[in-house]
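Chemist: The structure's right below; bear with me while I get my questions together.
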Amino acid sequence: MKTEDTIGPLSPEQLKLEQSRIRMSALVAGVVVAAAIAMAYFALRHLAVWPEERSDRLALGVQCAIPLALVLIVAVQRVSSGRYRSAADNRGAAFSPPSHLIAIDAAFLQNTIEQVFITVIGLLAWASVAPVDLLVLVPTASILFVVGRIAFRIGYPHGAGARAFGMALTAIPGLLACVGASVFSLMRLF
């Protein structure tokens with residue numbers, strides 16, 4: 001699907017097709033996440049000494065959040081340099097919506113901000129409460145986030161079905177970390 005074809009509302013048939021693509025892409029991403037977590041658990045957890053102290057665990061979470069921050073920096077830079085070069089966008093977001101020249105990068109930036117926030121909270125929460133042998137999820141989630149963002153950005157011009165794999169690959173590890181940390185926190189209380 002070309003970018004020009006995705007401008008404007010979808011017909012009911014196109015919507016059903018995109019929804020089908022979204023479900024299939026999300027399913028594939030879920031399988032990739034599960035495989036990555038399983039491989040990390042069985043192969044990588046023995047290659048490192050995972051921290052026991054809470055401060056060291058949080059340090060691990062912060063260190064694994066650095067690649068997320070780098071993705072965010074790239075997203076900010078793409079919008080900034082696009083605004084710099086575009087007469088339609090140079091005045092800034094307060095004066096007009098993004099032109100077609102930076103619209104995708106602006107949408108990518110907004111979505112990346114949201115995903116970074118959720119994932120960093122998830123990583124830090126998980127790092128603080130998870131059993132030591134499950135800390136391997138922290139760097140694994142960080143790697144999946146970066147790969148997911150790249151896939152999301154590449155797929156963005158081609159519609160929701162094309163970007164769904166990257167979106168799910170980005171979101172699932174952070175959501176799992178948030179839910180898992182909540183479960184472990186509740187278990188500690190009771």
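Chemist: Can you find, within region 49-74, the residue that is farthest from T140 (Cα to Cα) among those that are in contact (Cβ under 8 Å) with a residue 40 or more places away in the chain and small (G, A, S)?
Modeler: Among residues in region 49-74 that are in contact (Cβ under 8 Å) with a residue 40 or more places away in the chain and small (G, A, S), the one farthest from T140 (Cα to Cα) is A69.
Chemist: So, one more: Looking only at residues in region 82-107 that are under 23 Å from G148 (Cα atoms) and not aliphatic (A, V, I, L, M), which one is surrounded by the fewest Cβ atoms within 10 Å (Cβ to Cβ)?
Modeler: G82
Chemist: Among the residues of region 152-163, is there at least one that is part of a loop (DSSP other than H, G, I, E, B) and either among the β-branched types (V, I, T) or closer than 21 Å to A59 by Cβ (or both)? Walk me through how you get there before you give the answer.
Modeler: Of the residues in region 152-163, the ones part of a loop (DSSP other than H, G, I, E, B) are 159.
Filter once more, keeping what is either among the β-branched types (V, I, T) or closer than 21 Å to A59 by Cβ (or both): none.
So far as region 152-163 goes, no, none of its residues is part of a loop (DSSP other than H, G, I, E, B) and either among the β-branched types (V, I, T) or closer than 21 Å to A59 by Cβ (or both).
Chemist: How about region 33-46: which of its residues are surrounded by fewer than 18 Cβ atoms within 10 Å (Cβ to Cβ) and assigned to a helix (DSSP H, G or I)? It would help to see each step written out before you state the result.
Modeler: Let us first name the residues in region 33-46 that are surrounded by fewer than 18 Cβ atoms within 10 Å (Cβ to Cβ), namely 34-35, 38-39, 41-46.
Result: A34, A35, A38, M39, Y41, F42, A43, L44.
Chemist: Still on this structure, I have one more. When the residues of region 47-68 are filtered to those that are modelled with pLDDT of 95 or more and among the β-branched types (V, I, T), which remaining residue is surrounded by the fewest Cβ atoms within 10 Å (Cβ to Cβ)?
Modeler: So the residue we want is I66.
The values are calculated or read from the model by the stated rules, or taken from the named source; none is laboratory data. Everything numeric here is computed off the predicted structure, so don't read it as measured data. All Cβ positions, glycine included, derive from the backbone under ideal geometry; neighbour counts span all protein chains shown.
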